[in-house]
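Written out below as structure tokens is the structure these notes cover.
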Amino acid sequence: MSDLESIARALVAPGKGILAADESTGTIKKRFDSIQVESTEETRRAYRDLLFTTEGAADYISGVILYDETIRQTATDGTPFPKLLEEQGIIPGIKVDKGAQPLANAPEEKITEGLDGLRERLNEYRELGAKFTKWRAVITIGQEIPSQYCIWTNAHALARFAALSQEAGLVPIVEPEVLMDGDHTIERAYHETARTQHAVFTELHDQRVQLEGMLLKPNMVLSGYDSAAQAGTDEVARTTIKCLTHNVPAAVPGIVFLSGGQTDEAATEHLNAMNAIGPHPWQLSFSYGRALQAPALKAWRGDPSNVAAAQEAYLRRARLNGLARSGEYSPEMEERVAA
Ligand code: 13P
């Protein structure tokens, strides 16, 4: 097995998934605003310190995605964050895209930037301890969108990122996120997600990306958040699996879903339902940001005396998602499972 393949497999080890803690400075500010905490380099460090020093997290968390600022920061005891994670058996990774910008000639659509100079940045991140990378493309559903143009330019960029990452010895997490904002039906979400995944795997193939040494980070296929008709858990699970079965080669070792604005309970329940109707050709796991962190953020509120309660809240979500990896979660556990 190649090094890339063994890292990819370790990231989707049974019972475990990924913590996405790679919020950009702008995004983490929004999260901190929601708990009335000022976003400074030190509050951001203290918050990430809380997450990364949670005892027992390594039982459910295989890897953590860091942000450029965070990979250079240290824990309170002076240990660099990547080393702190490695010491617990958690694999450090890094977000390498530079965010989504307006796509020329395509009002309301976006293209993710960050390819210029990427080869050099990847080498630096590897030196800093990263073993894997992430790039997020954003696809919006609207009346006349997504356009073929937006889907294929983003797919092309994702594949360029993936090829460069593998060249640098880093496992790419390829994230084409079709947003679930809007009042579209689940059928429409299926159609646009399938178009997107088809384009992404065509580009990955054309650009010679080794499928065994990458992971896919897709959205789940849901009814639009503003749709009057909300598909239930079983329909979400079956529709998402159908989309992946049609579009994702079995050579890909794992699929790590984003939570994308679902409640933390819904994100866990949907993952659980998909694993309960397995086996599937790929591991089905999580790479959640909001759905893993929301209760911890709320418990913390920037107060050092709340760190233990926040760590407990994070560990609990990690454990429940760990159970969803094998279909062993049930919503009743929300009441009674202590971490
Ligand atoms: P969410 O789970 O909050 O969607 O974040 C995952 C992520 O990394 C988005 O790029």
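Bear in mind that the values in this text are calculations on the coordinates, not laboratory data. Since we're looking at a predicted model, the values are computed, not measured. Ideal geometry is used to build each Cβ from the backbone, glycine not excepted, and the neighbour counts take in all protein chains shown.
Is it the case, given these coordinates, that LEU179 is surrounded by 17 or more Cβ atoms within 10 Å (Cβ to Cβ), of a type outside the set (Phe, Trp, Tyr) and within 15 Å of GLY224 (Cβ to Cβ)? Judged against the criteria, LEU179 is a match. Taken together, THR263, THR239, THR268 contain a single residue that is crowded, with 23+ Cβ neighbours inside 10 Å and farther than 19 Å from LEU215 by Cα, which is THR268. Annotation: of all residues in the stretch 14-28 being away from the ligand (no atom under 15 Å from the Cβ) and surrounded by 16 or more Cβ atoms within 10 Å (Cβ to Cβ), the one that is nearest to the chain's Cα centre (by Cα) is LYS16. Each residue in the stretch 92-109 was checked for being surrounded by 21 or more Cβ atoms within 10 Å (Cβ to Cβ) and among the hydrophobic types (A, V, I, L, M, F, W, C), and 2 of them qualify. Scan the stretch 205-236 for residues that are surrounded by 17 or more Cβ atoms within 10 Å (Cβ to Cβ) and within 15 Å of the ligand (Cβ to nearest atom) and the total you get is 8. Residues that are within 16 Å of the ligand (Cβ to nearest atom) and among the basic types (Lys, Arg) within the stretch 58-109 comprise LYS95, LYS98, listed in sequence order. The residues on offer are ALA162, ALA189, ALA137, and the sole one that is among the hydrophobic types (A, V, I, L, M, F, W, C), under 30 Å from GLN73 (Cβ atoms), within 16 Å of the ligand (Cβ to nearest atom) and out of contact with any Lys or Arg (no Cβ under 9 Å at 6 or more places or on another chain) is ALA162.
Applying the criterion of being of a type outside the set (A, V, I, L, M) and within 16 Å of the ligand (Cβ to nearest atom) to the residues of the stretch 273-296, the residue that is surrounded by the fewest Cβ atoms within 10 Å (Cβ to Cβ) is PRO295.
Would you mind stating whether ALA199 is within 20 Å of GLN148 (Cα to Cα), buried (at least 22 other Cβ atoms within 10 Å of the Cβ), away from the ligand (no atom under 15 Å from the Cβ) and touching a residue at least 40 places away in the same chain (Cβ under 8 Å)? Criteria met by ALA199.
If you go through the stretch 237-265 and keep only what is over 14 Å from MET180 (Cα atoms), within 16 Å of the ligand (Cβ to nearest atom) and not in a strand (DSSP E or B), you end up with ASP264, GLU265.
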